[in-house]
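Heads up: the structure comes next, in structure tokens.
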Amino acid sequence: MIQLSAGAALGVAVAAAVATPLSAASAAPEAVPARATQSVTATHADPDRDARTLGLSADEQLVVRNVVTDRDGTEHIRYDRRFKGLKVLGGDLVVAKSPSGAVREVHWNASGRAAVPSTTPRVSESGARAAGARRAGYAPTKNDGQLVVWAGGASPRLAWDVVTHGVRADQTPSRLHTVVDAVDGSVLTSWEEIENGTGNSMYSGTVTLNTISSGGTWLLKDSHGNYTTDLGGATSGTATQLTDADNTWGNGTTTSRQTAGVDAEYGAEKTYDYYNGFLGRTGIWNNGTGARSRVHYGNAYQNAFWDGTQMTYGDGAGNTHPLTEIDVAGHEMSHGVTENTAGLAYTGDAGGLNEATSDMFGTGVEWYANSAADVPDYLIGEKIDLNGNGTPLRYLDRPSRDGGSRDCWSSTLGSLDPHYSSGPLNHWYYLASEGSGAKTVNGVAYNSPTCDGSTVTGAGHGAIEKVWYRTLATKLTSTSTYASAREGAIASAVELYGAGSATCLAVEKAFTAIAVPAGAKSCGGTTPPPTGGNLLLNPGFESGAVSWTGTSGPITNNTGRPAHSGTWKLWLGGNGTTSTESEQQSVAVPSTATAATLSFWLRTDTAESGTTAYDTMKVQVVDGATTTTLATYSNVGTNATYTQKSFSLTAYKGRTVTVKFLMNEDSSLQTSFVVDDTAVTAS
């Protein structure tokens with residue numbers, strides 16, 4: 001162990017490394033209850049049974065990605081999916097199970113569907129690779145394609161996932177994913193796997209590094225596996241482990257190549273300490289090892305990025321500010337945490353959430369380190385001076401100050417570069433942490449407005465970081481939106497701090513303040529509440545896709561089919577192509593009930609003919625691992641006049657079950673199943 005100075009090279013041996021505790025200002029205002037995230041141990045992960053419980057077809061297989069287990073035994077099992085052996089991009093979902101193994105909640109990604117009519121491509125792999133190369137705009141050094149199902153959009157598509165390797169015009173490395181429709185050749189989406197960021201170095205003052213020795217030589221490597229290598233001024237190639245004879249590293253200036261390595265290693269170690277000591281996550285993979293990412297630094301380009309296996313820092317072509325400030329180290333490594341939890345795609349709303357997550361946790365690392373040489377703040381990379389005028393790269397209190405980021409959410413946000421679409425969530429983080437209006441923190445003046453003119457009272461950044469980490473680890477999926485971020489964060493705040501807590505109210509009000517519309521979740525519970533003795537929430541669908549979970553789209557006010565009452569209804573089917581759609585809601589049947597009834601109004605019409613059931617809709621009750629089908633309706637015997645259907649739920653009294661409507665449609669000729677005015681009543 002060695003204590004280092006970023007100025008004159010001096011070393012003082014110390015006995016052990018001690019993670020810097022949170023400052024008083026960052027302490028959570030309320031105690032974290034027993035449901036806080038703890039481990040990755042799973043006792044109830046059963047892919048085959050869970051697939052059946054969720055109503056997936058025999059062609060779909062679930063694959064466990066990771067599991068988060070709360071102290072109370074609740075498990076959050078994150079699954080990836082395959083369809084007929086093909087990887088399903090965007091087919092991920094999170095199943096929350098009670099300590100007894102009963103399914104409590106499911107967080108689906110996108111539409112939740114993965115079935116495609118055929119797995120035979122019409123577009124060749126070579127044609128798809130050519131599309132990927134055109135999209136990249138540089139000469140590829142490598143260009144590979146894999147046949148997949150793309151399920152991150154409104155409907156699943158057979159596609160090629162083309163990964164193009166090379167160097168962009170600005171000399172940064174690239175691994176560009178281009179998803180090409182395997183039927184018509186169109187580009188469905190694309191994202192850069194190497195996510196760029198920037199930072200500074202040499203400003204952490206005297207630091208302690210957990211270096212280790214090997215064969216009489218000191219390695220710039222710690223006991224967790226974080227280690228630093230030198231690319232020798234190049235932008236690619238083989239890097240070498242930084243070593244030293246006396247364990248005194250760098251001289252505080254760029255005349256020593258070790259100096260940038262000191263800051264890089266320090267940032268990596270403090271990031272590990274922050275996740276382990278504060279958020280309860282043992283490293284990027286949550287498995288007790290450090291960032292097995294190699295940390296390179298060269299003098300060819302001012303950049304830093306996380307690419308899934310590496311964290312790389314540039315020296316800046318002789319610039320006196322190597323890009324290794326601690327908040328940027330935390331930012332880059334946090335991309336790896338995001339990749340190994342929600343896997344947020346680097347495009348659309350999800351791209352903004354991804355980038356903002358790194359800004360938030362990078363800021364959290366800086367607060368955790370609490371260095372007098374780099375005083376914690378809500379600015380990103382403020383010491384780089386990349387703009388040449390003393391301004392930071394990003395401002396979390398009012399992101400638009402950087403000239404490109406947005407302060408408020410809007411439906412067009414997803415079209416922006418993720419560095420700019422991250423603005424509203426960064427703004428949310430500051431508002432929820434510190435509140436709205438003018439404020440000075442650690443000598444830095446901030447003034448954070450709200451998009452609706454409201455006033456927000458902050459709950460402290462430490463509590464908000466815990467809420468967001470739980471949201472990332474247990475609620476979000478690969479193409480999550482700002483709307484799902486709001487729902488997940490409020491639910492997480494309730495779980496961690498309670499519905500009426502100051503933290504939950506700060507989380508909810510801050511989302512409203514950045515113009516993300518309200519959904520089903522609130523700090524007062526789930527809204528709207530049941531009325532008229534109906535135990536179901538939003539039973540007539542008039543609040544839109546609120547309180548129901550499942551496929552995106554079937555809850556609609558589209559005038560193509562009438563509602564039984566009001567303007568909204570659940571319209572399943574009507575596609576005329578192979579499709580699976582579902583909506584469901586959990587409901588507690590009172591133990592004191594002498595009778596309980598599920599009822600709904602149903603209207604059906606079809607373009608099919610004959611007596612063969614090509615298209616079906618099942619009404620089901622899911623009770624733990626058991627799914628019971630109460631009725632099956634099909635294209636045979638359709639009735640374009642609404643009729644009421646009723647079924648007894650008395651057998652489920654004293655239990656919380658899920659009422660589910662599940663539709664399967666074949667490859668041609670539509671059948672529409674329109675459900676409205678649902679109810680579960682008990683007497």
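Selection of segment 207-222 for residues being assigned to a strand (DSSP E or B), touching a residue at least 12 places away in the same chain (Cβ under 8 Å) and of a type in the set (Ser, Thr, Tyr) yields Thr208, Ser213, Thr217.
When segment 352-409 is filtered for residues that are in contact with a Ser or Thr (Cβ under 9 Å, 6 or more places away or on another chain), part of a loop (DSSP other than H, G, I, E, B), aliphatic (A, V, I, L, M) and touching a residue at least 60 places away in the same chain (Cβ under 8 Å), the ones remaining, listed by number, are Ala373, Ile384, Leu386, Leu393.
Look at (1) surrounded by 23 or more Cβ atoms within 10 Å (Cβ to Cβ); (2) of a type in the set (Phe, Trp, Tyr); (3) modelled with pLDDT under 70 and you find that Trp249 fails only one, number (3). Among the residues of segment 637-665, those identified as farther than 16 Å from Ala102 by Cβ, aliphatic (A, V, I, L, M) and either touching a Gly at 6+ places or on another chain (Cβ under 6 Å) or in a strand (DSSP E or B) (or both) are Leu662, Met663.
Of all the residues in segment 69-113, those that are in a strand (DSSP E or B) and hydroxyl-bearing (Ser, Thr, Tyr) number 2.
Per-residue answers, yes or no, for (1) over 14 Å from Val187 (Cβ atoms); (2) surrounded by fewer than 21 Cβ atoms within 10 Å (Cβ to Cβ); (3) more than 27 Å from the chain's Cα centre (by Cα):
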{"site": "Ala133", "(1), (2), (3)": "no, yes, yes"}
{"site": "Tyr138", "(1), (2), (3)": "yes, yes, yes"}
{"site": "Leu147", "(1), (2), (3)": "yes, yes, no"}
{"site": "Ala151", "(1), (2), (3)": "yes, no, no"}
{"site": "Val162", "(1), (2), (3)": "no, no, no"}
{"site": "Val167", "(1), (2), (3)": "yes, yes, yes"}
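Listed here are the residues, each with its yes/no results for (1) in contact with a Cys (Cβ under 8 Å, 6 or more places away or on another chain); (2) surrounded by fewer than 24 Cβ atoms within 10 Å (Cβ to Cβ); (3) among the small types (Gly, Ala, Ser); (4) in contact (Cβ under 8 Å) with a residue 24 or more places away in the chain.
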| site | (1), (2), (3), (4) |
| --- | --- |
| Leu413 | no, yes, no, yes |
| Ser422 | no, no, yes, yes |
| Val441 | no, yes, no, yes |
| Ser448 | no, no, yes, yes |
| Tyr469 | no, no, no, yes |
| Ala493 | yes, no, yes, yes |
| Ala506 | no, no, yes, yes |
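The conditions of being modelled with pLDDT under 75, assigned to a loop (DSSP other than H, G, I, E, B) and under 30 Å from Arg65 (Cα atoms) are not met by Gly283. Take Gly488 and tell me if it is closer than 27 Å to Gly550 by Cα and within 21 Å of the chain's Cα centre (by Cα). In short, yes.
Looking across segment 147-162, the residues that are in contact with a helix residue (DSSP H, G or I) (Cβ under 9 Å, 6 or more places away or on another chain) and at pLDDT 95 or above come down to Leu147, Ala159, Trp160, Asp161, Val162. Restricting segment 609-636 to residues that are surrounded by fewer than 18 Cβ atoms within 10 Å (Cβ to Cβ), in a loop (DSSP other than H, G, I, E, B) and touching a strand residue (DSSP E or B) at 6+ places or on another chain (Cβ under 8 Å), which is modelled with the highest pLDDT? So, considering only residues that are surrounded by fewer than 18 Cβ atoms within 10 Å (Cβ to Cβ), in a loop (DSSP other than H, G, I, E, B) and touching a strand residue (DSSP E or B) at 6+ places or on another chain (Cβ under 8 Å), the one modelled with the highest pLDDT is Ala613.
The values are calculated or read from the model by the stated rules, or taken from the named source; none is laboratory data. It should be emphasised that the depicted structure is a prediction, and the values quoted were computed from it without experimental measurement. With ideal geometry, Cβ positions are generated from the backbone for all residues, glycine too; neighbour counts draw on all protein chains shown.
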